[in-house]
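Below: the structure, in structure tokens.
The values are calculated or read from the model by the stated rules, or taken from the named source; none is laboratory data. Quick caveat: nothing in here was measured; it's all calculated off a predicted structure. Cβ placement follows ideal geometry from the backbone for every residue including glycine, while neighbour counts extend to all protein chains displayed. Surface accessibility is based on the protein's heavy atoms, side chains included, excluding ligands, DNA and RNA. Shrake-Rupley method; radii C 1.70, N 1.55, O 1.52, S 1.80 Å.
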Amino acid sequence: MSSYKRRPTPGNTEWFVHDRFGMFIHFGLYSMLARHEWIRNFERISNEEMEKYFNHFDPDLFDAGEWAKKAKQAGMKYAILTTKHHEGFCLFDSKHTDYKITNTPFGRDLVREFVDAFRAEGIKIGFYYSLLDWYHPEFTIDCHHPLRDRPDAEELSRPRDMKKYAAYMRDQVRELLTGYGKIDILWFDFSYPEGATPPDKPWMEGKGKNEWESEKLIALARELQPGIIIDNRADLEQDLWTPEQFQVEEWVKHPETGELVTWEACHTFSGSWGYHRDELTWKSPEQLIALLSKTVACGGNLLMNVGPTARGTFDYRADAALEVYAQWMKLNSRAIYGCTMAEPEFTAPNGCRLTQSEDGKRLYIHILEWPFQTLQMDCLAGKIEYAQFLHDASEVKFMEKAQIVGDSVSNTFMLPVNKPNTIVPVIEVFLK
Ligand code: GLC
């Protein structure tokens, strides 16, 4: 058994740390502007200016079953959809707002179709719910708000009542957690209790657990869906730490107690969460697989984002990235599912990362940088029952005492000169 103990949390994270790999989906009106989901903030776009998008929102090619199949093929075991992002537009048929997908030309409850299709593929269901809301009339204008630079911003903001907005969030969370069956994850986003640094206008305030009334919001969620996993972004520690667009190199630790925590890194294919037509920083296949290997090697989960186009389909570049995962996971998923950071007795050679099965019986060596012929691991001396490549189950010989060109090298895997045809080859070691 793995010797690592995670800090206990209120939700059920057992399935989560087994499954390791999920799909994030960012979809909304911003997908039409196609230049980042924060576009309302960047370009100070008012509610009125958003109307033309609302009136033309029609992802006619949307097929939840196709999304779900692609997620499944990529090896993703859970999916988290933006039910509402910061722009305030709801992808579900909420009774508490008119600013929802069923009032657009599209006219259907996309959240429902997502839930049904993904569940049918055996994929667990997560809801992202934005705490920020740049549309809601009671949401006060702050450092992130699209209207923050208007000369009358303070006047516009003064009569707004965050208590009413907090009640609206509870109403919507109740709808989401009662209307769609079992929900496995609730992903709130995000808090900024200190406001902007350096401070924006003096009258502006940050927002955190007091403004969101996070205790009530979370108590409600736990009452409606016991066991649900909730992230920490409502400014109250719950189940999940969520480092974002950052390559974690060590198991994330609790800042006060130093305990190992349950964590999930979230990443994009190309820097933007919402569909971004002209963004060019798409990650290479090597980077995509390295993110997954490195994350699990540090005891974490990877949540990889797709930003569908406003037609409702995955862009060809997103499809290509998912295909990279599909090909690799088809052959190498044993090094991911049910795996965690290797026991401290094992040290990864240069250019490699290690994962180990929860029961401790198998060690996986992810070879990110292909070496020339030998891979020395003294930590494995006397511990190997059998070793093979995972992608083709071909034996990999481990020489406790090897003779190589006159030189003697010990505790060494003998590798082919050419890197096998899989992006990151993995050696599976059956431990004694
Ligand atoms: C950030 C952004 C947001 C994105 C999220 C995903 O908090 O505000 O646009 O949805 O990260 O982690």
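Quick one: is Leu302 more than 15 Å from the ligand (Cβ to nearest atom) and either crowded, with 21+ Cβ neighbours inside 10 Å or not aromatic (Phe, Trp, Tyr) (or both)?
no
Given Thr281, Thr257, which one is assigned to a loop (DSSP other than H, G, I, E, B) and under 30 Å from Glu343 (Cβ atoms)?
Unique residue meeting the criteria: Thr257.
Does region 260-274 hold any residues that are over 13 Å from the mean Cα position of the chain (by Cα) and outside any loop (DSSP other than H, G, I, E, B), and which are they?
Within region 260-274, just Leu260 meets the criteria.
Consider Arg150 against the criteria (1) assigned to a loop (DSSP other than H, G, I, E, B); (2) within 16 Å of the ligand (Cβ to nearest atom): it satisfies all of them except one. Which criterion is unmet?
(2)
Check Tyr316, Tyr337 and return the single one that is under 30 Å from Phe24 (Cβ atoms) and without any contact (Cβ under 8 Å) to a residue 12 or more places away in the chain.
Details: Tyr337 fails: without any contact (Cβ under 8 Å) to a residue 12 or more places away in the chain.
The unique qualifying residue is Tyr316.
Touching a Phe, Trp or Tyr at 6+ places or on another chain (Cβ under 8 Å), surrounded by 14 or more Cβ atoms within 10 Å (Cβ to Cβ) and assigned by TED's automatic domain parsing to the domain that holds Thr262 - does that describe any residue in region 370-377?
no
Hey, any hits in region 5-21 for a residue that's buried (at least 22 other Cβ atoms within 10 Å of the Cβ) and assigned to a strand (DSSP E or B)?
Yes, that holds for at least one residue.
Which ranges mark the helices (runs of 4 or more DSSP H) fully within region 31-86 that have 2 or more residues being in contact with a Phe, Trp or Tyr (Cβ under 9 Å, 6 or more places away or on another chain), away from the ligand (no atom under 16 Å from the Cβ) and in the same structural domain as Phe114 (by TED's automatic domain parsing)?
47-56, 64-73
Does Phe24 fit the bill of being crowded, with 21+ Cβ neighbours inside 10 Å, modelled with pLDDT of 95 or more and over 23 Å from Ile101 (Cβ atoms)?
Details: crowded, with 21+ Cβ neighbours inside 10 Å: yes; modelled with pLDDT of 95 or more: yes; over 23 Å from Ile101 (Cβ atoms): no.
No: the conditions fail for Phe24.
Out of region 340-355, which residues are more than 23 Å from Asn421 (Cα to Cα), open to solvent by less than 20 Å² (accessible area, probe 1.4 Å) and in a strand (DSSP E or B)?
Across region 340-355, the qualifying residue is only Thr340.
How many residues does region 312-329 hold that are outside any loop (DSSP other than H, G, I, E, B) and either more than 30 Å from Asp378 (Cα to Cα) or not assigned by TED's automatic domain parsing to the domain that holds Phe269 (or both)?
Residues that pass the stated criteria total 12.
Anything in region 39-52 that is exposed (fewer than 15 other Cβ atoms within 10 Å of the Cβ) and closer than 19 Å to Ile101 by Cα? List them, or say none.
Correct list: Ser46, Glu48, Glu49, Glu51, Lys52.
Mind telling me which of the residues Asp142, Asp116 ends up being open to solvent by 20 Å² or more (accessible area, probe 1.4 Å), in contact (Cβ under 8 Å) with a residue 12 or more places away in the chain and either assigned to a loop (DSSP other than H, G, I, E, B) or farther than 18 Å from Cys266 by Cα (or both)?
Asp116 is the lone residue from the list that is open to solvent by 20 Å² or more (accessible area, probe 1.4 Å), in contact (Cβ under 8 Å) with a residue 12 or more places away in the chain and either assigned to a loop (DSSP other than H, G, I, E, B) or farther than 18 Å from Cys266 by Cα (or both).
Here are His56, His96, His36: which of them is touching a His at 6+ places or on another chain (Cβ under 6 Å), open to solvent by 10 Å² or more (accessible area, probe 1.4 Å) and touching a residue at least 12 places away in the same chain (Cβ under 8 Å)?
So the residue among His56, His96, His36 that is touching a His at 6+ places or on another chain (Cβ under 6 Å), open to solvent by 10 Å² or more (accessible area, probe 1.4 Å) and touching a residue at least 12 places away in the same chain (Cβ under 8 Å) is His36.
Considering only region 274-299, state which residues are surrounded by fewer than 19 Cβ atoms within 10 Å (Cβ to Cβ) and either in contact with a helix residue (DSSP H, G or I) (Cβ under 6 Å, 6 or more places away or on another chain) or acidic (Asp, Glu) (or both).
Asp278, Glu279, Trp282, Pro285, Glu286
Please determine, by comparing only the residues of region 157-197 that are farther than 17 Å from Phe118 by Cα and among the β-branched types (Val, Ile, Thr), which one is surrounded by the most Cβ atoms within 10 Å (Cβ to Cβ).
The selected residue is Val173.
For the structure I just gave you, tell me whether Lys207 is open to solvent by 30 Å² or more (accessible area, probe 1.4 Å), among the charged types (D, E, K, R) and within 26 Å of Ile229 (Cα to Cα).
no
Per-residue answers, yes or no, for (1) among the basic types (Lys, Arg); (2) over 22 Å from the mean Cα position of the chain (by Cα); (3) at pLDDT 95 or above; (4) assigned by TED's automatic domain parsing to the domain that holds Trp263:
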| site | (1), (2), (3), (4) |
| --- | --- |
| Glu211 | no, yes, yes, yes |
| Lys216 | yes, yes, yes, yes |
| Ala219 | no, yes, yes, yes |
| Leu240 | no, no, yes, yes |
| Pro243 | no, no, yes, yes |
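Exactly one condition in (1) in contact (Cβ under 8 Å) with a residue 60 or more places away in the chain; (2) open to solvent by 50 Å² or more (accessible area, probe 1.4 Å) is not met by Asn332; state its number.
So Asn332 meets the others, but not (2).
Cβ-Cβ distance below 6 Å, separation of 6 or more or different chains: which pairs start in region 233-253 with a residue that is part of a loop (DSSP other than H, G, I, E, B) and among the small types (Gly, Ala, Ser) and end on one that is away from the ligand (no atom under 15 Å from the Cβ) and modelled with pLDDT of 95 or more?
Ala234/Ser214
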